[in-house]
Amino acid sequence: MAKSLMMLFVTFLFTASAYSAPATGSWVKKDMDPRAETRDPEDGPEPISKIDRVNLLPVATPSPRDLQCNPSSPCTFDLFYFKGITFKLNDSSRKNILFISGGPGQFVAELQAGNMALGALDGTGRQIVDGKVIPEPNGKHNIVYFHLRGAGRSIIDGNNKFDQFLRAKYVVEDIERLRKEVLGDKPWDAIYAHSWGTVVAQLYAKKYGEPDIASGRPESRVKSLILSAPIVRRTSSTLKARIKQTVSNLEKIFKFYRPVGNCVISDEKYLKGRITDFDEPFSPVASAGKDLEKTDNLCFVSDSRVGDITRELRRILTDLEPDYGSVDFVKDHFDSLQKDRNFPASLKKYPRELYEAIRRVQMIGAPERDGLVFTQDTKNMVDLAMIIGYYLTPGVSGNLQALCDSGGKFLTGAAAIPGIKTEYCDRLIKAKAQLLAPNDGLESERARYVFGAYDGAARWLSRLLNKDCFTGEDLRKFANAALGPTDRKKLARNTAKKIGIDTSGDLFCGWDPGGSNAHNVPTLILAGTDDAIIAGCQAEDFYNRGLTGEKVLLEFPGMGHAMSVADTRAAAGAMPSAQTQTFADLIEKWVTMGSPQQSTFIANVQSELKTLKAQERQPTQGLIACRQ
């Protein structure tokens, strides 16, 4: 056989002249790993491994003509990865599973790998894997996690000329390199990917999911995919769908958390029959949250007031998109926007916690009577609805302090009950503090902006450019445009300047899993009905356009983008809840079933679907059956 790709990866060298493309910015380590300043990247007890000196540009890929690599500016990086702590490669009964995080740029903390109690709450979908596939200390399968190039410990050179190497298509080669390093000649039995990670999984399956005799690859390198909340960005119609779903989520929260009939704020018993874990006591050693209480009741907000609140929410989301792209962008750049005299007064008047709360409503989903709703979901949703409702009620104070709503604008319906207004005020203040609490996060800012832009995953840039497709030159012109003191996009231009300009002339469009990216690797899609991030039929679009082989789409009522069924009543280290266990059982059956899968899989998971209140959907071509 020809010289192995692994050896070529190690020995391949770039040959080019001096780099001459404009370098308008740079990134520091904390832009790639928020923990970089608090720990030594080479030390610590974490179960971490690395592959040294991985080439940023894959073998046989033409090197940029304007790039020079040298010891002070290397064109390599160290790829960090780690395994579940019960990893046993030589055990033939165990399946080998790779997890790809979303974001782009999210990464799994090393100490959380294999820890169900922590993994169940990390909001990436990883609890499905850790909840049953590897519940410690008796893990059943071999799980591999890695830090994406430019994220976590897999840091690359900070000069933004290296941003041209932050592409999903290059991560595909990192995964193949990782497979050879960890598994040798064995394939991935499954790749589990969440959100943006589904882009990478799709590209890997296309390139390595089918045998290629001509290139010396007689077997597939991946047997199946599990795609959690897959994204599609090929059409701008999903922007309107996101706004609609966000507003709908908030409306559902206000309508769900109220007794039937007249408003009675007395106790939490009205939630019996609605909350999945209502009758389950907290473990005496559990550290997460507390039980339901009488303030888990939003009936004091009248229907007319809910209408006022949701109309204002729709206006905010609609108004900020042309100049700022998304609520996420406003949230991330809030301090700078407050100093920007061109930031509209109608948006500037609201505090940071409002934008934080709106973003979380986009992520969390909504309570559905035919879905799973846990105690912690209730606490979170009521907190978010109260924060948004408070600030979007006309006449309330913009400064939420001890005497909240002193004018009785928002809490009018609760004022007649002795003492209850004070309890609601205390809860509002605590919710605000939680929203504003410092959070280093496990996400690379650099990866989020660069992969997001050039992989067509981020909406903010195409929205600001007002183009479905753009070139690196389009980005450069946008970043450097000088439109005078009234330019509302000035902050966005400064952000764009940090992104290295791609000088290849390639056209970058919103991510489309179809066309040349479609493949026939057996694929299971998991999607929530109230996921604002993939609203507008994205999961259905992925199913129809991106998959030509065995495929199943499962829909989970009420779930948001985190795709989480974890509750927080169990003590740390205890077995997962029945629903979390069932979710993981579902995944395991897909991984272990083999082909043909579609018909036999559904027949074999009916009990799991019933427990999870989920169902199979078979979208028609043209998305006629998709919920709009």
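Evaluate segment 141-158: report whether one residue or more is in contact with a helix residue (DSSP H, G or I) (Cβ under 9 Å, 6 or more places away or on another chain), in a helix (DSSP H, G or I) and at pLDDT 85 or above. No, the conditions are met nowhere in segment 141-158.
Annotation note: of 482, 453, the sole residue that is in the same structural domain as residue 169 (by TED's automatic domain parsing), on the phi < 0 side of the Ramachandran plot and without any contact (Cβ under 8 Å) to a residue 60 or more places away in the chain is 453. Among the residues of segment 355-371, the one identified as buried (at least 23 other Cβ atoms within 10 Å of the Cβ) and either of a type in the set (S, T, N, Q) or touching a Pro at 6+ places or on another chain (Cβ under 8 Å) (or both) is 362. Looking only at segment 57-84, residues that are over 23 Å from residue 228 (Cβ atoms) and modelled with pLDDT under 85 come to 17 in all.
The helices (runs of 4 or more DSSP H) found wholly in segment 283-375 and carrying at least 2 residues that are in the same structural domain as residue 394 (by TED's automatic domain parsing) and of a type in the set (S, T, N, Q) occupy 303-324, 334-339. Scanning segment 510-540 for residues that are crowded, with 24+ Cβ neighbours inside 10 Å and part of a helix (DSSP H, G or I) turns up 538, 539, 540.
Each row is one residue, and each column tells you yes or no for (1) assigned by TED's automatic domain parsing to the domain that holds residue 147; (2) without any contact (Cβ under 8 Å) to a residue 60 or more places away in the chain; (3) under 24 Å from residue 168 (Cα atoms).
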{"site": "187", "(1), (2), (3)": "yes, no, yes"}
{"site": "197", "(1), (2), (3)": "yes, no, yes"}
{"site": "221", "(1), (2), (3)": "yes, yes, yes"}
{"site": "263", "(1), (2), (3)": "no, no, no"}
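Each row is one residue, and each column tells you yes or no for (1) at pLDDT 95 or above; (2) touching a Ser or Thr at 6+ places or on another chain (Cβ under 8 Å).
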residue	(1), (2)
489	no, no
493	no, no
498	no, yes
501	no, yes
507	no, yes
518	yes, yes
535	no, yes
550	no, yes
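Here are some conditions: (1) modelled with pLDDT of 75 or more; (2) surrounded by 20 or more Cβ atoms within 10 Å (Cβ to Cβ); (3) not charged (D, E, K, R). Residue 93 meets all but one. Which one does it not meet? Unmet condition: (2).
Residue pairs whose Cβ atoms lie under 7 Å apart, sitting 6 or more positions apart in sequence or on different chains, and linking a residue in segment 540-552 that is more than 14 Å from residue 210 (Cα to Cα) to a partner that is in a helix (DSSP H, G or I), are 546/202; 546/517; 551/543; 551/598; 552/598; 552/601; 552/602.
If only residues of segment 303-330 that are surrounded by fewer than 20 Cβ atoms within 10 Å (Cβ to Cβ), farther than 23 Å from residue 256 by Cα and among the charged types (D, E, K, R) are counted, the one that is modelled with the highest pLDDT is 315. From the list 422, 471, the lone residue that is under 22 Å from residue 354 (Cα atoms) and among the β-branched types (Val, Ile, Thr) is 422.
For segment 391-401, the criterion of being assigned by TED's automatic domain parsing to the domain that holds residue 300, in a helix (DSSP H, G or I), under 20 Å from residue 250 (Cα atoms) and at pLDDT 90 or above is met by at least one residue. Condition test on residue 442, is it buried (at least 22 other Cβ atoms within 10 Å of the Cβ), farther than 27 Å from residue 240 by Cα and touching a Phe, Trp or Tyr at 6+ places or on another chain (Cβ under 8 Å)? Taking the combined requirement at face value, the residue satisfies it. Of the residues in segment 597-606, at least one is touching a strand residue (DSSP E or B) at 6+ places or on another chain (Cβ under 9 Å), at pLDDT below 90 and either closer than 22 Å to residue 95 by Cα or not assigned by TED's automatic domain parsing to the domain that holds residue 359 (or both). From the list 506, 474, the one residue that fits, being part of a loop (DSSP other than H, G, I, E, B) and either farther than 30 Å from residue 256 by Cβ or in contact with a strand residue (DSSP E or B) (Cβ under 6 Å, 6 or more places away or on another chain) (or both), is 506. Against the definition (modelled with pLDDT under 90, within 28 Å of the chain's Cα centre (by Cα) and not assigned by TED's automatic domain parsing to the domain that holds residue 325), how does residue 475 come out, yes or no? For residue 475, the condition - modelled with pLDDT under 90, within 28 Å of the chain's Cα centre (by Cα) and not assigned by TED's automatic domain parsing to the domain that holds residue 325 - is not met. For segment 440-471, the tally of residues that are of a type outside the set (Ser, Thr, Tyr) and part of a helix (DSSP H, G or I) stands at 14.
The values are calculated or read from the model by the stated rules, or taken from the named source; none is laboratory data. Being a predicted model, the structure only gives us computed values, none of them experimental. We place every Cβ from the backbone using ideal geometry, glycine too, and count neighbours over all the protein chains shown.
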